[in-house]
1. Tally time: how many residues in the range C:165-194 are farther than 18 Å from residue A:148 by Cβ and part of a helix (DSSP H, G or I)?
2. Output the residue which, of all residues in the range A:269-286 that are farther than 19 Å from residue C:512 by Cβ and open to solvent by 60 Å² or more (accessible area, probe 1.4 Å), is modelled with the highest pLDDT.
3. When both residues are 6+ apart or on different chains and their Cβ atoms are under 6 Å apart, which pairs have a first residue that lies in the range B:233-244 and is over 12 Å from residue C:488 (Cα atoms), and a second that is open to solvent by 10 Å² or more (accessible area, probe 1.4 Å) and not in a loop (DSSP other than H, G, I, E, B)?
4. Restricting attention to the range C:70-94, report how many residues are open to solvent by 60 Å² or more (accessible area, probe 1.4 Å) and at pLDDT 90 or above.
5. What are the residues in the range A:1-57 that are among the polar types (S, T, N, Q), surrounded by fewer than 23 Cβ atoms within 10 Å (Cβ to Cβ) and within 14 Å of the chain's Cα centre (by Cα), if any?
6. Could you check how many residues of the range B:214-231 are of a type in the set (Gly, Ala, Ser) and in contact with an Asp or Glu (Cβ under 9 Å, 6 or more places away or on another chain)?
7. Select, from A:193, A:180, A:149, A:169, the only residue that is surrounded by 22 or more Cβ atoms within 10 Å (Cβ to Cβ), under 20 Å from the mean Cα position of the chain (by Cα), within 11 Å of chain C (Cβ to nearest Cβ) and at pLDDT 90 or above.
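The values are calculated or read from the model by the stated rules, or taken from the named source; none is laboratory data. What you see is a predicted model, and the numbers here were worked out from it, not measured in a lab. No Cβ is skipped: glycine too gets one built from the backbone with ideal geometry, and neighbour counts run over all protein chains shown. Keep in mind that these areas ignore ligands, DNA and RNA; they rest on the heavy atoms of the full protein, side chains included. Shrake-Rupley method; radii C 1.70, N 1.55, O 1.52, S 1.80 Å.
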Amino acid sequence: MRELSFHGVTVRFGAGRSALAAVDGVDLTVPAGSVVGLVGESGSGKSTLAKAAVGLVPTTDGEIRLDGAPLRARRDRRRLQMVFQDPYASLDPRMTIGASIAEAVPGRPGRTGRAAEVARLLELVDLDPSRAGSLPSGLSGGQRQRVALARALAAEPDVVLADEITSALDVSVQGSVLNLVRDLRRQLGLTMLFISHNLAVVRYVSDVIAVMYLGRIVEAGPAAEVLTSPRHPYTRTLLDAAPRFGVALDDPVPADSELLDDEPPSPHDPPPGCRFHRRCPIGPLTVPERTVCVEKDPQPAAADRPHRAACHFASDAAPASLEVPAR
Amino acid sequence: MTSTPVTPPAAPAASAPSAVAGWVGNPWARFLLRRAGRLLASLAVLVTLAFLMIHLIPGDPVRAALGVTAPPDLVEARREALGLNDPLAVQFVDYLRALFSGDLGVSMTSGVSVSETIGQRLPATAGLAVVAFVVVMLAAIPLGLAMAVLTRGGRRRGVELGFTSTSAVVAAIPEFLLAVGLVFVFGVTLGWFPVAGREGAASYVLPVLALALGPALLMARIVRVEALAVMDEDFVRTARAKRLPPLRVYLRHVFPNALTSTLTIGGLLLSGMIVGTVLVENVFAWPGMGMTIVSSILAKDYPVVQGIVLVYGAAVLLVNLVVDVLLAIADPRSTIREG
Amino acid sequence: MGRAQWRAALRNPVGAVAAGLLVLLAILAIVAPILWGDAAEATDPAALSQGSTSDHPLGTDALGRDIMFRVLVATRYSLGLALLATAICVVAGVILGVLPAVLGRRSGRLVVAAVNLAVAFPALLLALFFAVIFGVGARGAVLAIGLAGAPSFARLVQTNVAAVSGRDFVAAARVAGVGRFRLIVRHLLPNVGEPLVVNATVLAGGALLAFAGLSFLGLGVQPPAYDWGRLLGEGLDRIYINPSAALAPGVAVVIAGLAFTLLGEAIAQVVGIRTTRRILPRRSATPPADPADGASTATAPAPTEPAPDAVLAVEGLRVGFPGAGPDGWTYPVDGVDLTVRRGETVGIVGESGSGKSLTALSLARLAPERAVVTADRLDVVGLSLAGGDGDALGDEPPRDDPAVRKHLGTRLAMVFQDPMTSFNPSMRVGWQLAEVARVHEGQGRRAALARAIDRLRTVRVPAPQRRAHQYPHEYSGGMRQRAMVAMGLMSEPELIIADEPTTALDVTVQRQVLRLLREVQRETGAAVVLISHDIAVVAQLCQRIVVMYAGRVVEELPADRLDRAAHPYTRALLGSVPDLTTDRELPLATVPGRPPDPASRPAGCAFAPRCSFADDVCRADPRLATVAPDQRAACWHPRLDDQKQHGQEPHGQEPHGRQPHEEGVSRA
């Protein structure tokens, strides 16, 4: 397992008026043997970042490195494996699950070697190896997602990118897939970029949490710290908005600001300065003298702030409005 | 949802700094510009292919047209007159120049100007196609909608089966066979309508029927399927949740949204019907372009064939353009999307 | 397509007839020239251009040859040429269709553009064009028809390949390092095979007809050879003398063409059936009013008088679909009781397949057409929609009654899951709202629109005046959902049913919509029924929570008692998804197996096979029974311990380490 890092990675789609930077200058490191959780809302570019890493979409700019060495050739991309959101779409309906997994096994291990490897992998993800001959249609969503994980592991990857792997699953099986991710990580020391829109899910599996907004990482830091004392107002908004037991809807939180009533900004035409300023509860729309948010992009100096927060006022941010109670 | 960036809502119309910028920014202008460009490209390809047609024929087309007994100097003279001895590029330029001045050349066999021939024959063909198309639309849309309403949610299986199987069978019969059947029933047996020529309204009945029946049923099938698909959409459930009267649901919410595909198919059908006239005209001895092109192909009168292929092709492209513009008008989303 | 599907295609009556015809034609094509080849060539100078006689049942042609024999013998040539043309078409089409995937982006786009241009022209025009180039005759016509059909077949291949290439399993194979060639052979082509087979079959019919057309025009087969089209053309000249000379080959062409086309459609239907509809098993016209014993003992035996301030009172709600159940019906909703009082907020929670959404739709009389809804009582906003004897509600008349429509249209509001698809895309938002007031209150356009704008303002859509004139696609998801709430507010709703209103939305927007619902409920006094798979969402908004599993209510409890849930399933729902307070050191609770299919629901407690507390008692149906004040659970072994539990409670299984997983597949 090695370290994966993104350096100024930009992914642009389209041209002219419809051009759009889905990922815009992202710096992010996934240290060897750790799980980095990437949260963000739909359209924030988090999936595109993962696809760029495995070569499914071309990067416009920047570099993706594995242990410091730029990742370029197709051959290198195999070092990274991705698990997709929808297990009903990510397995070829006409291929047995054994064949799907075997296809990813590197080299030419021969028929028996391959079968043994497939059996080992199925066992690793808690599936009965005798199921290798069945088609995906005979499996439940949770089982399919296990197969998808096994296929990713078959390639002996250095890093696994898991893109919303629980969000298409039934509630009662999500837990077992998350448990599996944690077990695999403990057993194999997986390096993983774990992407989800659900902060609670990310929190459960990750060591480091990175928050993405409109194509940019706005905050990244150790999971516990980011959750207890977020430095970027967007992270706070996400935390406040996440439903939790025992907290009523009526308790107003900063996220209930009217600023969110308006259309979210278009990724085709991101706001100048700080991209969050039009929706920011502590930004220029509530504190008029904070014109710096409109004028100056907080991204360049982010590395010097706590949690690498892309916020001009990250240092004087108050602790989270809702303490996460220890249990 | 996270995998693809959401298509953002249209940016609010920015205050146009200048008229040009406003014009360039106007999605309609951009759409029309793009679409016109495509039409021009298609026309260019069509013209080139029509020009090349004569040169792709193996052997000497003039010799083929005049027959093996024609004296060599006559063939040579005709080649010279047609410019076939010039380099290809020169011929192409000459062809284009002539085309722009409305000159499509002269018939190899009769010596009559091709554009004149087409001018005489076009109205008969166009009349037939247009009347048939109108009949198709008037019959198919109400029929398809009514069938959709009657058979929605798997009701009236008998009606559904009757309609789908009848229409499938009839729509699968090509127009010229239908024409033969119609001639036999209404011309030979019943003697109600004339079976050949173009004189008076009665002479239109059988050709139009032959041309329109299959497409009408096909169209009705498609309207039904589309309307049924729309009825399954969430927004129709919303309309039901508003407890609107059923007629309003069908006319305001279902039909406009089934229109897009209806239009697309309608365009395809019209193109098909324009060319389908070739066969029908030959059954009914209809004095249109279809009769002319077939006799010209058989007589190897290539300039005439070339000219008529060009006219048919241009008509088809024009229909496609009209359909695309109508689609853009009918669907508020299509103008900002890629065309 | 698999063998089973071929068999299914042949079982379909249309498919069977078509296949039978094709076999007949094939036999004819083989034997006819051998048996009657000479007879068809024999000229009979005594019988030139005759009508039907005893010697020549279909008459003779101008040279005195027997028409019947000629039509029969022509089968081989007609079919052979058509199949040859089809083969050319399919080969050329597949090559052109796969080329973009092989060539890569730029040159691929060129091929696509060329094919698109060619497709714009009708095949007959292309065929005429090619016929000129390749010359008049059978060879020219085969090439012309084959090539003329190639563009549209190529386009079909392209769209199918493009659709499959866009799917995740292809992306996954690419990530796994599968090469381009192997990708096409192993992943793309096998998955586009079905539609191609279907279309090639239909195409063969088309080629046959097209060939007949060209021969009829004199451009195809040349004498002395003859095919059906040629015979037809010759016969047409003498249709007044001998109609059968024209009709017989015509009928032959139609039958052969139809056989191919219908076989193709039959296959298409069978292939499509897997996803769209099933062949219905034999069943009674309506489901039995009295369900099979034990099936609905969960419902109260006799309707009791509901609370006087109830805006919704349901007892014994069942929703049946024709299906694979024991009596030919399946019941995704199987005996639901629910009462909602004025101003109350009630949440219905359950996994996909639990029947929660269908329950909501049935309450609102919006169940799909095929569903048959029965209930012992179904009182909605003061309207009794079912009597005590299990009336079928699936019939139209009451729904179409204008008075009922107005009543429901003004008192009951719905909010659906996906705001993207729940608005009519071709109608401006303002008008969609205004429609309610116009239809039910007879308001004028202007007044109705003014009210629509006002309601949009109420739900805090910015610049409502301008927004009302926009189309739904110009709204963001959250704003559309708020507009949907505004639509419900056009009248004075007493009950708002929101079916997964926040599932398609981002968390920040989710909270907004929930708060809006709360606000609306406070201001209008309307009751709210919120349906969601997310128990945390429901717990935020609702006072009372109803948990559904496999078509039944398994527990009903006040939101503040969630941490004392009695049903093991409720506990599992709470424990299997982490929230922001979940202990990261403990594994999450897991439930082995998956929810039962409504068609094969186990007898007794439907959760028993997945429950670690289940024993023999659970084979009997548990009824909803009071386990605590305001809390009822349908469980023989309710968890009554007072421990806080919505962290992880690995109910009954070993608390640490690996746990058995789904469906007995795990090794445990």
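1. Within the range C:165-194, the first condition is being farther than 18 Å from residue A:148 by Cβ, and the residues that meet it are C:165, C:179-182, C:184-185, C:188-190, C:192-194.
If we keep only those that are part of a helix (DSSP H, G or I) too, we end up with C:165, C:180-182, C:184-185, C:188-190, C:192-194.
Looking only at that region, the number is 12.
2. Across the range A:269-286, the extreme among qualifying residues is A:272.
3. Listed by first residue and then by second, the contacts come to B:244/C:439.
4. Narrowing the range C:70-94 to residues open to solvent by 60 Å² or more (accessible area, probe 1.4 Å): C:76-77, C:83-84, C:91.
Narrowing the set further to residues that are at pLDDT 90 or above leaves C:83-84, C:91.
So the answer is 3.
5. The initial filter retains those residues of the range A:1-57 that are among the polar types (S, T, N, Q), namely A:5, A:10, A:18, A:29, A:34, A:42, A:44, A:47-48.
Keeping just the survivors that are surrounded by fewer than 23 Cβ atoms within 10 Å (Cβ to Cβ) gives A:5, A:10, A:18, A:29, A:34, A:42.
Within the range A:1-57, A:5, A:29, A:34, A:42 qualify.
6. 1
7. Working: A:193 fails: within 11 Å of chain C (Cβ to nearest Cβ); A:149 fails: within 11 Å of chain C (Cβ to nearest Cβ); A:169 fails: at pLDDT 90 or above.
From the options A:193, A:180, A:149, A:169, the qualifying one is A:180.
Quick grid of which residues meet (1) surrounded by fewer than 18 Cβ atoms within 10 Å (Cβ to Cβ); (2) more than 9 Å from chain C (Cβ to nearest Cβ); (3) acidic (Asp, Glu):
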position: B:158; (1), (2), (3): yes, yes, no
position: B:182; (1), (2), (3): no, yes, no
position: B:188; (1), (2), (3): yes, no, no
position: B:197; (1), (2), (3): yes, yes, no
position: B:232; (1), (2), (3): yes, no, yes
